[in-house]
Amino acid sequence: MFENLQDRLGSILNGLTGRGALSEADVSAALREVRRALLEADVALDVVRSFTDRVREKAVGAEILKSIKPGQMVVKIVHDELIEMLGGEGVGIDLHAPAPVVVMMVGLQGSGKTTTSAKIAHRLSTREKKKVLMASLDTRRPAAQEQLRQLGAQANIDTLPIISGQSPTDIAARAVQAAKLGGHDVVILDTAGRTHIDEPLMVEMAEIKKRSNPHEILLVADSLTGQDAVNLARSFDERVGITGLVLTRMDGDGRGGAALSMRAVTGKPIKLIGVGEKMSELEEFHPRRIADRILGMGDIVSLVERASENIDAEKAAAMAAKMAKGKFDLDDLADQLRQMQKMGGMGGIMGMMPGMAGMKDKMAAAGLDDRLFGRQIAIIQSMTKAERTNPDLLKHSRKKRIAAGSGTDAAAINKLLKMHRQMADMMKMMGGKGKGGMMKQMMGGLAGKMGLGGGMGGMGGGMPDLSNIDPRQLEALQKQAEAAGLGKPGGGMPGFGGLPGGLSGLGGAKLPGLGGGFPGLPGLPKKK
């Protein structure tokens, strides 16, 4: 979503940090470029004006510390103001009210209200252990109520039985009553939308609000809408009084301006963002983390959270036990590749690692993308069980059969086998005596710096059971990472040579798989 903005701001701010001293003219020229970049990203004009004015005011009068270059000071000011524009602190859904807590979903047709209602219900039931009831109040769109019922069945969430002929206000009253009788903690009311804002829609919303007395009214807006999304938020807030925003399709290739504008214009917090089609692909909106991503500083906390949700603790323990014996077969490699796919693939992981956002372009230029994982998994699946356990069996005739079965060629199979051999050798080192091998030392050092206590086993052995980490520790993680030099632009990652983005910066740890970088990321060219 923010890639174009990230590239533009990154190049502007990198130009500042390289200079020893900054004049007022330098700051003004840079802010002109920042202003242009934000306007091109579809951020509202008045929001851009106030943002650049605040940055200029602070940057020109800022006291420069001796240990910090003036350019780095400007980057910090831009970062702080970006967080402020996005809302300062993250705000979740407020459930502090007598049960059943009523959550009313409003928005235009096609913005994703029904799917988002099911995602929120799934999130509350799995994370918060709440008993949720969903009710569709959309009597106009064909099969809208049936859609919510089917989504409820998929996610194992209760839905209000459909009674044809009832008005939306009657359904709302019945839903609240049914939730009281059924002992539900939360009721989610999925209201009807229109293709545009009209008077009957607003009257209906006001009537539903009066009958159901919702504790939260969430406006669901498509983040690809652009400037019109800001007018939409303003209109709904004036007529119904929204308590928060949910932005959908944040995984799209839009310019991201709606996300940056809506909070500043309405004063209402963005509570959740939809980052994909799956039920689990709904995230809390954290202004600091989004600002870090936009400025290419990475997002360690979200990466850890995503790992804790997607990595199977039992499989990780089994893998660790095998590695301790120095064993690592092609089935284990396939499991690793699937784990990385679940975590968002190469691009998703690199985008969250401090100083590594620029890697994605270099990987794409080298012909590496997330389809590579799919091809490599297909190769492994085209092998027999004996071949996966013992790759030495793979001679020419077998490779021809596997290539035909996976739609690849012998060269791709050889690359996969070479990567497996390198990783298997590394696993033997990790399972060795002494200090536990270089991978364990590197990842242990990184985990120690991040406050994880050295338990991070790297992608090779899966991750530790991160679900037991204290949430407050997760929140403090980013600050600890920054203090350790991980969150600064250009700070790099330990063991990666400290160079952001470039492939040459991955030579620090000399680990196979990346040609001297992070294990488990196949096929990157070696450092020359």
Selection from the range 15-32 of residues that are within 12 Å of residue 74 (Cβ to Cβ), of a type outside the set (A, V, I, L, M) and modelled with pLDDT of 75 or more:
24, 26, 28
Hey, residue 84 hits all of (1) open to solvent by 70 Å² or more (accessible area, probe 1.4 Å); (2) under 27 Å from residue 278 (Cα atoms) but one; which does it fall short on?
(2)
Please go through the range 133-153 and pick out each residue that is farther than 26 Å from residue 202 by Cα and in contact with a strand residue (DSSP E or B) (Cβ under 6 Å, 6 or more places away or on another chain).
152
Looking at residue 417, is it part of a helix (DSSP H, G or I) and at pLDDT 90 or above?
yes
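Looking at the range 252-279, which of its residues are under 23 Å from residue 157 (Cβ atoms) and surrounded by fewer than 17 Cβ atoms within 10 Å (Cβ to Cβ)? So that I can check it myself, show each step before the final result.
At the first step, the residues of the range 252-279 found to be under 23 Å from residue 157 (Cβ atoms) are 271-279.
If the condition is that a residue be under 23 Å from residue 157 (Cβ atoms) and surrounded by fewer than 17 Cβ atoms within 10 Å (Cβ to Cβ), then 276, 277, 278 are the ones that fit.
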With open to solvent by 40 Å² or more (accessible area, probe 1.4 Å), under 25 Å from residue 152 (Cβ atoms) and among the basic types (Lys, Arg) as the only criterion, which of 211, 194 stands out?
211
Out of curiosity, is residue 230 under 26 Å from residue 168 (Cβ atoms) and either assigned to a strand (DSSP E or B) or modelled with pLDDT under 85 (or both)?
no
From the list 209, 130, exactly one residue is in contact (Cβ under 8 Å) with a residue 24 or more places away in the chain and within 23 Å of residue 235 (Cβ to Cβ). Which is it?
209
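The values are calculated or read from the model by the stated rules, or taken from the named source; none is laboratory data. Keep in mind that what you see is a predicted model, and the values were worked out from it rather than measured. When we count neighbours, we look across all protein chains shown, and the Cβ atoms used for this are built from the backbone with ideal geometry, even at glycine. For accessibility, only protein heavy atoms count, side chains too; no ligands or nucleic acids. Shrake-Rupley method; radii C 1.70, N 1.55, O 1.52, S 1.80 Å.
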